[in-house]
1. Counting only residues that are part of a loop (DSSP other than H, G, I, E, B) and of a type outside the set (A, V, I, L, M), which one in segment 269-287 is surrounded by the fewest Cβ atoms within 10 Å (Cβ to Cβ)?
2. Residues ASP412, ASP446: which one is acidic (Asp, Glu), within 30 Å of ALA316 (Cα to Cα) and surrounded by 22 or more Cβ atoms within 10 Å (Cβ to Cβ)?
3. Return the residue satisfying two criteria in turn: it lies in segment 97-124 and is within 19 Å of VAL178 (Cα to Cα) and assigned to a loop (DSSP other than H, G, I, E, B), and of such residues it is nearest to the chain's Cα centre (by Cα).
4. Can you tell me which residue in segment 422-435 is surrounded by the fewest Cβ atoms within 10 Å (Cβ to Cβ), limited to those that are assigned to a loop (DSSP other than H, G, I, E, B) and more than 20 Å from the chain's Cα centre (by Cα)?
5. Considering ASP413, ASP446, ASP397, which residue is within 26 Å of SER333 (Cα to Cα) and either part of a loop (DSSP other than H, G, I, E, B) or of a type outside the set (A, V, I, L, M, F, W, C) (or both)?
6. Please count how many residues of segment 353-390 are among the small types (Gly, Ala, Ser), buried (at least 18 other Cβ atoms within 10 Å of the Cβ), out of contact with any helix residue (DSSP H, G or I) (no Cβ under 8 Å at 6 or more places or on another chain) and not in a strand (DSSP E or B).
7. Which residue pairs have Cβ atoms under 7 Å apart, sit 6 or more places apart or on different chains, and have a first residue in segment 188-203 that is within 16 Å of SER139 (Cα to Cα) and a second that is acidic (Asp, Glu) and in a strand (DSSP E or B)?
8. Would you please name the residue that is surrounded by the most Cβ atoms within 10 Å (Cβ to Cβ), looking only at residues in segment 449-471 that are of a type in the set (Lys, Arg) and not in a loop (DSSP other than H, G, I, E, B)?
Amino acid sequence: MNAHPTTSPDPTFYRSPADAAAAPAEKLAYVVAFDREAQRPDALTVVDVDAESPTYGQVVGWADLPSAGNELHHFGWNACSSAFAHEGHDTHHLQRRYLLLPGLRSSQVHVYDTHPDPANPTLVKSISAKELADKAGYSRPHTLHCGPNGIFLSCLGGANGADGPGGIALLDHATFDVLGPWETDRGPQYLAYDAWWHLKQNALITSEWGTPSMVEDGVNPELLLNNKYGHALHFWDLAAGKHVQRVDLGAHHQMVLELRPAHDPEATWGFVGVVVSTQDLSASVWRWHRENGSWAADKVITIPAEPADADVLPPALKPFGAVPPLITDINLSVDDRQLYVSCWGTGELKQYDVSDPANPRETGSVRLGGIVEFSAHPAEPDQPLAGGPQMVEVSRDGRRVYLTNSLYGAWDDQFFPEGVGAWMAKVDADPAGGLTIDRGFFPHGDAFRSLRVHQVRLQGGDASSDSYCYR
């Protein structure tokens, strides 16, 4: 199962963000897909993203999981560019080779080998829910990052039916065994979601969504209106696993989700998206940063709700007469200059120039889907699209942005009760600002065998897969 020894480091381990941006472009994208009815196996699919290929924009590889009902969500590589920084990483043996696929509902993790044929990944190991619970004390694995001392797997729930606390399980880079919980002192942290870090600052950051009972049946209006979902950031000592500081964004800023730290290894700032404000249904993006020796967070982007006739709204939104943007993902380009914000509710992808991270400036926008507009893809202009830009992934050189449309099964059903379908789109990004939907790239529907699609990982790494050690 372990990667064969190499005589030099994996060429997709990049010492700096500039090296990553200058590397050859991706030719394949890995996309997870799931069956909401849990009747068919979830799948790891492979999409051709080489514009010179005769199969460009087509699904060219498919691997069924051995079971159904996993609800594949976020996934990631066993190793990445952070391998250059830490003891225990033998960069002459370690490779970016395996994809680990957490099942958000099953609490299982399946490991796929992308060698020797990247278009045909094969299953090499499965980690059971029992192993995750027995060794780490967690369930409902959500987000995975390769990093110092192992693979960090953030989890929403506790073990053996416990609703929480959620936290981080540490897995071995090579054997994928569950090593145990990462935290040694969690302080006040209870809710979990994402985890990322500033490697050279010895700082790890976590965000908050909710426990399994709070999220698995969709948005609970009572919990939401009473501000019971997550609304804080947590800062930790990365080496020690100890909680350092909690930063509350305000109780009405509900569901603090995707973390995107600056790629510059000397930086001490990053962005996080907040799904909704219970005061006015707006969504927001916040910048965390060091201030006078401690951590602080400021709201730097506010996106208002859009008025809508109650007759065209799903039941969950009829009382409000508006469509909330619902920021469900953000992504920061490798050069730290462009921030992409997915407004799943309104069906909009926004681009911001964040060369001054305290003062983002909107530079581009496209619309696909949306709760009211159902904006069509230019490849099929007469076909309304459900869902909206949700998971967003950016190529290392910052010129290509990939989108998928499913958020989370239960949320999909609440906000798109007629179904979300399945589609993936590509947007061409102008480094100077501006977005254009690629008319020639639109795998959808039968291309994914009508399974819903979620996160994208790009061959050789992408804007949200790696942390870097050198400028």
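The values are calculated or read from the model by the stated rules, or taken from the named source; none is laboratory data. Because the structure is predicted, anything quoted here is derived from the model rather than measured. Don't worry about glycine lacking a Cβ; one is built from the backbone with ideal geometry, like all the others, and counts go over all protein chains shown.
1. GLN279
2. Step by step, each of ASP412, ASP446 is checked, and only ASP412 is acidic (Asp, Glu), within 30 Å of ALA316 (Cα to Cα) and surrounded by 22 or more Cβ atoms within 10 Å (Cβ to Cβ).
3. In this case the residue turns out to be LEU104.
4. Per the criteria, the residue is ALA432.
5. Going through ASP413, ASP446, ASP397 in turn, just one is within 26 Å of SER333 (Cα to Cα) and either part of a loop (DSSP other than H, G, I, E, B) or of a type outside the set (A, V, I, L, M, F, W, C) (or both): ASP397.
6. 3
7. Cβ pairs passing all conditions: LEU191/GLU208; ALA192/GLU208; TYR193/GLU208; ASP194/GLU258.
8. Checking each candidate, the answer is ARG452.
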